[in-house]
1. Just to be sure I understand, how many residues within region 207-216 are open to solvent by less than 40 Å² (accessible area, probe 1.4 Å) and farther than 24 Å from HIS227 by Cβ?
2. Can you tell me which of (1) modelled with pLDDT under 95; (2) of a type in the set (Phe, Trp, Tyr); (3) outside any loop (DSSP other than H, G, I, E, B) is the one TYR21 doesn't meet?
3. Pairs please, first residue from region 160-188 and under 22 Å from ARG203 (Cβ atoms) and acidic (Asp, Glu), second anywhere and open to solvent by less than 40 Å² (accessible area, probe 1.4 Å) and part of a loop (DSSP other than H, G, I, E, B), Cβ atoms under 9 Å, 6+ apart in sequence or on different chains.
4. Taking the conditions exactly as written (among the aliphatic types (A, V, I, L, M), more than 20 Å from the chain's Cα centre (by Cα), surrounded by 14 or more Cβ atoms within 10 Å (Cβ to Cβ) and outside any strand (DSSP E or B)), does VAL81 satisfy them or not?
5. Take region 37-56 and flag every residue that is of a type in the set (A, V, I, L, M, F, W, C) and not in a loop (DSSP other than H, G, I, E, B).
6. Within region 89-197, which helices (runs of 4 or more DSSP H) (wholly inside it) include 2 or more residues that are open to solvent by less than 20 Å² (accessible area, probe 1.4 Å), modelled with pLDDT under 95 and more than 27 Å from VAL51 (Cβ to Cβ)?
7. Please indicate, with yes or no, whether at least one residue in region 239-251 is buried (at least 16 other Cβ atoms within 10 Å of the Cβ), among the small types (Gly, Ala, Ser), under 17 Å from LEU126 (Cβ atoms) and at pLDDT 95 or above.
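The values are calculated or read from the model by the stated rules, or taken from the named source; none is laboratory data. These figures come from a predicted structure and were not determined experimentally. Glycine gets a Cβ as well: all are built from the backbone with ideal geometry, and neighbour counts include every protein chain shown. In case anyone asks, the SASA skips ligands and DNA or RNA and just uses the protein heavy atoms, side chains included. Shrake-Rupley method; radii C 1.70, N 1.55, O 1.52, S 1.80 Å.
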Amino acid sequence: MCCPAQENEIYLHAGDANMIYINYGAPKSGSSLTFELTRAMFDVLGYKPIVLSAEARGDHSGKTHYTNTIRDFTPEVVAAVEAAEHADTILLLRSHHGASPAIASLIERGAAKHMVGIRDPRDIALSMLDVVMRLAEQKGRSHPMIRVGDLSSTLKTIEVNIARITSWADIPGGLVLNYEQTAFDHTVTLDAICGQLGLDAPRDSYGVIFERATKRMARKVNVAKPHRHRRQMSAADQADFLQRFKPFYDRFYPGATVMVEEGASA
């Protein structure tokens, strides 16, 4: 057993290098934490970070960013990603958008791997309402689709997100990560990523990894409460979500039921 990890300690990496790893996360599903945990783990394991150009990512703003966020995996973008120099390291990408045939093909022929971050749509909807309220209160701005306090106005956006989740989950080999484990037991998520990628991150390095990840998120508003719908959503609204998005629940949350905790505000 190795000694406890120190702040600047770097472990030799093990597993598959020369890899492309795509971190897809549905918005409001702990995607920032998942990405930062992954990135911090790669740092601790000694993998050199790579920042793609805006052009390679298909970003017309011309701005580069360490998250390597990609909106549209067009054939041109996928070709640029595959051509990027990533010898002896892992090229980490992030996306909130759906998979395309081009990126699915890259994954299916073994040139990339991916994860899929999900969350109960009931909790996603409540977090979306939080964001819309903050926009209204702090910046006087409104959302084009979601209205403050109106749960029903989130449904179209939830449908879009479910379609995107499904597009990634349908690609064989994806690691599905649930918000509840990432937000409240990050060791489970780190273990799962290591298992998927064949990495050997010592368990006693997880504290350093979590500290580095959350330090980068210091300015991000994160409610991070488990199963919010049990306390903040009525039984009728929960039943509507479970029925409306039944195929999603059957696939990813087969045990989901209506549950309202005693003293809930809804």
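1. Residues in region 207-216 being open to solvent by less than 40 Å² (accessible area, probe 1.4 Å) and farther than 24 Å from HIS227 by Cβ: 2 in total.
2. If we test TYR21 against (1) modelled with pLDDT under 95; (2) of a type in the set (Phe, Trp, Tyr); (3) outside any loop (DSSP other than H, G, I, E, B), just (1) comes out false.
3. Here the result reads GLU180/GLY30; GLU180/ARG119; GLU180/ASP120, each pair linking region 160-188 to a residue that is open to solvent by less than 40 Å² (accessible area, probe 1.4 Å) and part of a loop (DSSP other than H, G, I, E, B).
4. Here the answer is no, as VAL81 does not meet what is asked.
5. Filtering region 37-56 down to residues of a type in the set (A, V, I, L, M, F, W, C) leaves 37, 40-42, 44-45, 50-52, 54, 56.
Hits for region 37-56 are LEU37, ALA40, MET41, PHE42, VAL44, ALA54, ALA56.
6. On the way: elements: 101-108, 121-139, 155-169, 179-184, 186-197.
Fully inside region 89-197 and qualifying: 121-139.
7. No, the conditions are met nowhere in region 239-251.
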